[in-house]
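The values are calculated or read from the model by the stated rules, or taken from the named source; none is laboratory data. Small disclaimer: the values here were computed from a predicted structure and weren't measured. Cβ atoms come from the backbone with ideal geometry, glycine included; neighbour counts cover every protein chain shown. SASA here: full protein model, heavy atoms, side chains in, ligands and nucleic acids out. Shrake-Rupley method; radii C 1.70, N 1.55, O 1.52, S 1.80 Å.
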Amino acid sequence: MPGEIPFLEEHPGAAARLAAAHTLFTDLDGTLLGRGASILADGEGRPNLDAVTAITRLNAAGLRVVMTSGRNARQLRESSRLLGWSDFIGELGCVRSYDRGARVVYDTGIWREDATLLGETPYEAIVRVGAVALLMEAFPGLIEYHDPWHLDREVTHMLRGRVDVAAAQTLLDTLPLPITLVDNGIIHPLKHGLICDEIHAIHLVPTGVSKHGAIAKDLAEHGSTPDQAIAIGDSAADVDMAEATGLMVCVRNGLNDPMLVARARERSNVCATHATHGSGWAELADAWLAARAGA
Ligand SMILES: [Mg+2]
């Protein structure tokens, strides 16, 4: 199956698209980070410097790198600082932060202005309409909060488990607030209380918000076009970043998810790396540096 998606060097338009790009939108978990969400480890947890070496080279070359993640703003603020980056997109596109947090923009998609009550956060509104309780009741043992990463969130809910996405969405569609379930790919939590073997990160987001939507807004605000950006990720939802960028790259480990492969096949501007996690990220960094040097 992986062979059906071209590798980076096989993609006919990749070099030109890389050369034109001055912004990279990057997923974190399962993409830049290795096992245990370490930037100094590969997918198996072995010490590995590929990602940090690549980051140093990209920072020196002046590529704007924007973390684009399901993580919350508190987590991303610190991680961005650590790696020397100024802007990030958090909570799957609901929060955009600029200039080290000097400016923050929120997005709740198609929600009406009165969707939240006075003083209520969008996160609390999702609790109020009973979205999480509804799913836990419908899929006992198959979905739970992604403890402790579900804390400190302003808009989205972060869960884990394995549910029939279409069936879960049908249930959510009965609620008075438009909420979309996003399966964000395979994870390996150290501890959990689930009865399923394969566990996915599952997010509940206001309908109409997405990573690619946030990327489009970011680029428009910066006076840039999609052709001037590239993206990298490891989940089926990440593949949609191809809509807002010239080229979307999947790290090799992402190809283990059949949903990602199916979605990637539908798009002409998606390719894959040979290496997994941070080493795959470094593969893209090397390709961008080579393309820029040749441009
Ligand atoms: Mg990921």
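Assorted remarks:
- When F25 is tested against (1) open to solvent by less than 50 Å² (accessible area, probe 1.4 Å); (2) within 16 Å of the ligand (Cβ to nearest atom); (3) part of a helix (DSSP H, G or I), only condition (3) is not met.
- Subset of the stretch 108-119 [open to solvent by 80 Å² or more (accessible area, probe 1.4 Å) and part of a helix (DSSP H, G or I)]: E113, D114
- For the stretch 78-99, the count of residues that are within 15 Å of the ligand (Cβ to nearest atom) and out of contact with any Lys or Arg (no Cβ under 9 Å at 6 or more places or on another chain) is zero.
- Residues that are touching a strand residue (DSSP E or B) at 6+ places or on another chain (Cβ under 6 Å) and either of a type in the set (D, E, K, R) or in a helix (DSSP H, G or I) (or both), drawn from the stretch 72-105: A73, L76, S80, D87, L92, R96
- The stretch 120-150, residues that are open to solvent by 20 Å² or more (accessible area, probe 1.4 Å), without any contact (Cβ under 8 Å) to a residue 60 or more places away in the chain and of a type in the set (A, V, I, L, M, F, W, C): V127, V129, A133, L134, M136, A138, F139, L142
- From the options G223, G213, G246, residue that is surrounded by fewer than 24 Cβ atoms within 10 Å (Cβ to Cβ), touching a helix residue (DSSP H, G or I) at 6+ places or on another chain (Cβ under 6 Å) and more than 28 Å from P148 (Cβ to Cβ): G246
- Scanning the stretch 120-137 for residues being in a helix (DSSP H, G or I) and at positive phi gives a total of 0.
- Selection from the stretch 151-190 of residues that are of a type in the set (K, R) and without any contact (Cβ under 8 Å) to a residue 40 or more places away in the chain: R162
- Of all residues in the stretch 28-40, those being within 15 Å of the ligand (Cβ to nearest atom) and either free of Cβ contacts under 8 Å to residues at least 60 places away in the same chain or open to solvent by 40 Å² or more (accessible area, probe 1.4 Å) (or both) number 6.
- All positions within the stretch 227-238 that are surrounded by 24 or more Cβ atoms within 10 Å (Cβ to Cβ) and away from the ligand (no atom under 11 Å from the Cβ): A229, I230, A231
- Residue match in the stretch 43-64 (condition: within 16 Å of the ligand (Cβ to nearest atom), in the same structural domain as L82 (by TED's automatic domain parsing), on the phi < 0 side of the Ramachandran plot and not small (G, A, S)): no
- Considered as a group, the residues in the stretch 187-209 that are within 16 Å of the ligand (Cβ to nearest atom) and open to solvent by 60 Å² or more (accessible area, probe 1.4 Å) include one that is farthest from T31 (Cα to Cα), and that residue is E198.
- Residue list for the stretch 44-68, filter: without any contact (Cβ under 8 Å) to a residue 60 or more places away in the chain and within 30 Å of Y145 (Cα to Cα): E44, G45, R46, P47, V65, M67
To keep it simple, each residue is scored yes or no on (1) surrounded by 19 or more Cβ atoms within 10 Å (Cβ to Cβ); (2) closer than 21 Å to G278 by Cβ; (3) modelled with pLDDT under 95.
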residue	(1), (2), (3)
P47	no, yes, no
V52	no, yes, no
T68	yes, yes, no
G84	no, yes, no
F88	yes, yes, no
V95	yes, no, no
D99	no, no, no
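- Within the stretch 251-274, restricting attention to residues that are of a type in the set (G, A, S) and open to solvent by 30 Å² or more (accessible area, probe 1.4 Å), the residue that is farthest from the chain's Cα centre (by Cα) is S268.
- Filtering the stretch 118-130 to residues that are modelled with pLDDT of 95 or more and of a type in the set (A, V, I, L, M, F, W, C) leaves A125, I126, V127, V129.
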